[in-house]
Amino acid sequence: MMRRPWFFMMAMLFAASFANGQDTPVSDQAEQIKALLARVELLEKQVAELKAAQVASAAPGAPAAATPVNPAPSAQPSVQPVRESQTQTAQEKVRQLETQYPSLQIRGFADADFSATDQKGTVSGFNLGELDLHVASALSRKISYFAEVTFNAQPTGYAVEVERNLIRYDYNDYFKLSFGRYHTPIGYWNTTFHHGTWLQTTVDRPNLVMDGGTFTPIHTVGFLAEGNIPSGGLGLSYNFGVGNGRGALIERPGDAGDINNNRAWVAKLFARPAKAYGLELGGSVYRDKITLPTGPEYREWIYSAYLTWTKGAPEFLGEFENVNHRNIATNAVANSDAFYTQFGYRLPWFERSVKPYYRFEYTHMPLSEQVFAYQPRVESIAGLRYDISSFAAFKLEYRHLASHAAQGGNPAQPALNAVFLQTAFTF
Amino acid sequence: MTYTLKDVRAFLAVGFFLLVPIHNFSSGQSSRDRDVAVVVNDDTPVDDLGLAEVRKVFLGERQYWNAKLPVVLLIRAPVARERDVALRVIYQMTETQFKQYWVAKIFRGEVTGPPRIVYSNDLQYELVSAMPGAIAFVDSRNVHPGAKVVRVDGMLPGDKNYPLR
């Protein structure tokens, strides 16, 4: 009769030990670092005690015994030199960590790619992606400068582009004002990932915000006000910008000057609710007057809305955009729409470094569209991203692209299949 | 001297009753003893923050205590317990995601730098004491007397439902 209780107790003992073992970190390296940190703290305490004793013994009439490092308020007057010494040491450390102005920081993003398609007349091969240099410099506690310059490989050399170039004044969390060239706050992607391919899950940007594309005015030259809106747990923020709008080439913002006397404006409102950490939703409106080099002028309205969940497991991005063009002379109106939805999921293995993803894109353009080149398309991409380190990733992606048949019997283009391999990194 | 099976059983039983309390004391300390306090510089005009507000501050979404006092984020180096708790409860990120988050944040032009890294509790205490607007996570066992500890969701370290543990 006694055997079972004994056996039960032994089993419990082993189970308890095993369960405890499961809770503790398994990495030897981590344990070693922890031990070293503990050792550093112990040594710090010893140094502080030695300093205290030294100062106390140097002070006239001070007791020989070591003075407490953190004396109680009722401590004897002889500990004053200790406090002064500690304060001086702290001030030295603070000075070392304080930001010196200007404090220039340079970071780069780059990628190397391989692509192969079944499109007739194209060849497979390697190519260098975008080399993107980002500069951030605090000029004072409230003024900072940001710049982003890209280098893109061309058949005869490299195309250099100043993507962003702005100075920002922070008054407080509710009002920050920038001047210069910035990414137009339309939708989500354009102001979240900019030009660093490493930052985005996929190999490329969605068609509606494609760099060099026309659907969204990617850049604006002018000013931008931004900040939080006191809204409690709703987490509201805003952007409001005024700038030159589209230039003579509608994909460019008119860096050297506006093409007409009309300023474009953009307003964006978005929320990051406190109770749903990872969720962001927002909408924006953009207004401009387009003057094409051939003469016609158009009023442009762009409406966009988005919903994102960016915790990684899962990741969801969804964005919709409507572009309305009205010919000022004829009042002819055209509405083009585009949207994408992207899903990703960081798998729980390999320290969550593997993320499969899928994106669907759709662009609708009516034949009456006169500002954009006619490019209706449907696209699906599926891929896998593997973060080989904290700052480098491999991406493998399959893409299927079709231009759908539109109104008026316009024939669809042949479908295109492509495979991409990319390594993207930051340095 | 020979031992019978009964003696061995008795020995194991005594060992069991001795070991379990030692085990509990050494590795299973009360979770309340391991709470992580949110400590701020004395001049920082906050006494009580909601957990969501602490998250907002440490995510860099709230960068000013008021128009004249910017937030200075301090965070312990990797492997420190305070950092583990911050990543698990506040950021809900892995170490890699945390690094990527700040690279992206700087790249977007939302901040000019990541939180300052500190390598020991003493240094952290000195910096919080000396830098106006500083805020840091400190193991509640290492909070120095006189340090300004902020309530989180109205609770202090040691309280029953304190969220940072």
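Numerical summary
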{"read-out": "Violating pairs (Cα-Cα greater than 23 angstrom) within the set A:Lys289/B:Lys105; A:Lys268/B:Lys68; A:Lys176/A:Lys268", "value": "A:Lys289/B:Lys105; A:Lys268/B:Lys68"}
{"read-out": "Total formal charge among the other residues, if their Cβ is under 11 angstrom from that of A:Tyr188, Lys/Arg +1 and Asp/Glu -1", "value": "-2"}
{"read-out": "Summed side-chain charge close to A:Met365 - residues other than A:Met365 whose Cβ falls under 11 Å, Lys, Arg +1, Asp, Glu -1", "value": "-1"}
{"read-out": "Ranking of A:Arg246, B:Arg88 by count of other Cβ atoms within 10 Å, fewest first", "value": "B:Arg88, A:Arg246"}
{"read-out": "Fewest-first sequence of B:Lys160, A:Lys355, A:Lys395 by Cβ atoms within 10 Å of each Cβ", "value": "B:Lys160, A:Lys355, A:Lys395"}
{"read-out": "Nitroxide proxy distance, nm - points 7 Å out along Cα→Cβ at B:Ile117 and A:Arg141", "value": "2.7 nm"}
{"read-out": "Full-extension gain in nm, A:Phe179 to A:Ser380, via 0.36 nm per residue minus C-alpha separation", "value": "68.6 nm"}
{"read-out": "Quotient of Cα Rg and 2.2 N^0.38 Å for the range A:173-426, N being how many residues it contains", "value": "1.06"}
{"read-out": "Packing-based exposure ordering (other Cβ within 10 Å, fewest first) of A:Thr330, B:Thr96, A:Thr197", "value": "A:Thr330, B:Thr96, A:Thr197"}
{"read-out": "Long-range Cα-Cα pairs in the range B:35-151 (distance over 19 Å), rounded percent", "value": "42 percent"}
{"read-out": "Local electrostatic count, B:Pro163, Cβ distance below 10 Å [Lys/Arg +1, Asp/Glu -1]", "value": "-2"}
{"read-out": "Theoretical FRET efficiency, 1/(1+(r/R0)^6), r = Cβ-Cβ of A:Leu292 and B:Leu69, R0 56 Å, to 0.05", "value": "0.65"}
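Each value in this text was obtained by applying a stated rule to the coordinates, not by laboratory testing. Since this is a predicted model, take the numbers as computed values, not measurements. Cβ sites come from the backbone with ideal geometry, for glycine too, and all protein chains shown count toward neighbours.
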